[in-house]
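Here's the structure we're looking at; comments come further down.
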Amino acid sequence: MDFSDDLLARLEHARHVMFFTGAGVSAESGIPTFRDAMHGLWARFDATELATPEAFARDPALVWGWYEWRRMKVLQAQPNPAHRAIAALAADRRVSIVTQNVDDLHERAGSTVCAHLHGHLSRPRCFDCGLPTRHPAGTPTPADGGARMTPPSCRKCGGPLRPGVVWFGETLPESDWQAAMAALASTDLLFSVGTSSMVWPAAEIPGWASRRGSCVVQVNPQTTALDEIADFNLRGPAGQVLPALLAASERRRHAR
Ligand code: OAD
Ligand code: ZN
């Protein structure tokens, strides 16, 4: 894979690199993205219709079961070469990771994440009173392809537990949003990796970076709305593109 010298020079000289990541960065770990057609028992459902407070209120077991199935997939998954390349790129430059992902695969690859804009799969709380709690240890084992599961009850009020993620129509966690905005203020090179750039307000971040004068690089096998804004479109799976970029950048440095 070839990268332009202009891109490699920008990577070498960037003072603050942001990786803005979405479901595509975890796809090669076996975690389905939100816009993949769903399989098995879930084939009848649209993920974007399960990820709402209204869906949970209507049918808590359906939504809880779907998230428990995703949580099982994450617990069984390993970080892939994209997560690892991002961690390696942070070894000798300032890097902030702002992710829309609710998994912990960046962390398990050795990165510190600046902001989890859409929360965490592993931090359930009460749907009624908001009390945070934990999942029991171990991996849930819903039937392959998913199944309904009755959510456990809150120990304080008896309400149903809900996943600790941000659903459509909900506000983003304030401290994560502030951390992302603070990092954005000094970002001069932003990589948008594996996101469809459709879910507001997170999807605005690359555009804001661009308007502030940051260079924007997109890594995605598909075209997205960001294509027109990005200075570089690296078309391919993140698990191939990012390790190749890391290697090219190291070759360039050692060639000096
Ligand atoms: P999406 O599922 O909307 O988009 C995934 C993107 O990843 C698509 O553009 C794919 O082309 C791309 N992709 C797939 N495989 C890839 C690979 N191997 N390498 C790189 N890119 C790849 O996921 P997000 O943009 O993250 O919100 O979705 C944003 C939010 O919508 C999610 O955080 C979630 C969802 O509903 C909440 O849960 C609130
Ligand atoms: Zn409660």
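Scanning for something more than 15 Å from ligand 1 (Cβ to nearest atom), surrounded by 13 or more Cβ atoms within 10 Å (Cβ to Cβ), hydroxyl-bearing (Ser, Thr, Tyr) and touching a residue at least 40 places away in the same chain (Cβ under 8 Å), does the range 92-99 turn up at least one residue?
Checked the range 92-99: at least one residue is more than 15 Å from ligand 1 (Cβ to nearest atom), surrounded by 13 or more Cβ atoms within 10 Å (Cβ to Cβ), hydroxyl-bearing (Ser, Thr, Tyr) and touching a residue at least 40 places away in the same chain (Cβ under 8 Å).
Any residue at all in the range 203-226 that is polar (S, T, N, Q), open to solvent by less than 30 Å² (accessible area, probe 1.4 Å), assigned to a helix (DSSP H, G or I) and over 23 Å from residue 71 (Cβ atoms)?
In the first step, residues of the range 203-226 are kept if they are polar (S, T, N, Q); the result is 210, 214, 218, 220, 222-224.
Going one step further and asking which of them are open to solvent by less than 30 Å² (accessible area, probe 1.4 Å), we end up with 214, 218, 220, 224.
Still in the running and assigned to a helix (DSSP H, G or I): none.
Scanning the range 203-226 turns up no residue that is polar (S, T, N, Q), open to solvent by less than 30 Å² (accessible area, probe 1.4 Å), assigned to a helix (DSSP H, G or I) and over 23 Å from residue 71 (Cβ atoms).
Determine whether residue 87 is over 27 Å from residue 126 (Cα atoms), of a type in the set (A, V, I, L, M), in the same structural domain as residue 223 (by TED's automatic domain parsing) and without any contact (Cβ under 8 Å) to a residue 12 or more places away in the chain. Quick ask: steps written out before the conclusion?
Values: over 27 Å from residue 126 (Cα atoms): yes; of a type in the set (A, V, I, L, M): yes; in the same structural domain as residue 223 (by TED's automatic domain parsing): yes; without any contact (Cβ under 8 Å) to a residue 12 or more places away in the chain: no.
No; evaluated as a whole, the condition is false for this residue.
Within the bounds of the range 125-139, is there any residue that is within 15 Å of ligand 2 (Cβ to nearest atom), surrounded by 12 or more Cβ atoms within 10 Å (Cβ to Cβ) and small (Gly, Ala, Ser)? Quick ask: steps written out before the conclusion?
Step one: list which residues in the range 125-139 are within 15 Å of ligand 2 (Cβ to nearest atom), which gives 125-134.
Those still in the list that are surrounded by 12 or more Cβ atoms within 10 Å (Cβ to Cβ) too: 125-128, 130-131, 133.
When the remaining residues are screened for being small (Gly, Ala, Ser), the result is 130.
Yes, that holds for at least one residue.
Could you give every pair whose Cβ atoms fall below 6 Å, whose first residue belongs to the range 201-230 and is more than 24 Å from residue 2 (Cα to Cα), and whose second residue is in a loop (DSSP other than H, G, I, E, B) and open to solvent by 40 Å² or more (accessible area, probe 1.4 Å), counting only separations of at least 6 or pairs across chains?
Sorted first by the residue in the range 201-230, then by its partner, the pairs are 207/229.
Quick one: would you say residue 84 is more than 21 Å from residue 234 (Cα to Cα), among the charged types (D, E, K, R) and touching a helix residue (DSSP H, G or I) at 6+ places or on another chain (Cβ under 9 Å)?
So residue 84 does not fit the description; no.
Just checking, how many residues over the range 227-242 are part of a helix (DSSP H, G or I) and more than 12 Å from ligand 1 (Cβ to nearest atom)?
Of the residues in the range 227-242, 1 are part of a helix (DSSP H, G or I) and more than 12 Å from ligand 1 (Cβ to nearest atom).
With the condition kept exactly as written, say whether any residue in the range 118-138 is out of contact with any Ser or Thr (no Cβ under 7 Å at 6 or more places or on another chain) and under 30 Å from residue 10 (Cα atoms).
Within the range 118-138 (the criterion being out of contact with any Ser or Thr (no Cβ under 7 Å at 6 or more places or on another chain) and under 30 Å from residue 10 (Cα atoms)), the answer is yes, since at least one residue qualifies.
Can you tell me which residue in the range 142-199 is nearest to ligand 1 (Cβ to nearest atom), limited to those that are aromatic (Phe, Trp, Tyr) and crowded, with 17+ Cβ neighbours inside 10 Å?
Here the answer is 167.
With the requirement that a residue be at pLDDT below 70 and on the phi < 0 side of the Ramachandran plot, what does the range 39-52 give you?
Residues satisfying the conditions are 39, 41, 42.
May I ask you to list the residues in the range 135-163 that are in a loop (DSSP other than H, G, I, E, B), within 30 Å of residue 180 (Cα to Cα) and modelled with pLDDT of 95 or more?
First pass over the range 135-163, keeping only residues in a loop (DSSP other than H, G, I, E, B): 135-152, 154-159, 163.
Filter once more, keeping what is within 30 Å of residue 180 (Cα to Cα): 135, 163.
Hit for the range 135-163 is 163, nothing else.
The values are calculated or read from the model by the stated rules, or taken from the named source; none is laboratory data. Everything quoted here is computed from the prediction, not taken from an experiment. Counting neighbours? That spans all protein chains shown, and the Cβs are built from the backbone with ideal geometry, glycine included. Just so you know, the surface numbers come from the protein's heavy atoms only, side chains and all, with ligands and any DNA or RNA stripped out. Shrake-Rupley method; radii C 1.70, N 1.55, O 1.52, S 1.80 Å.
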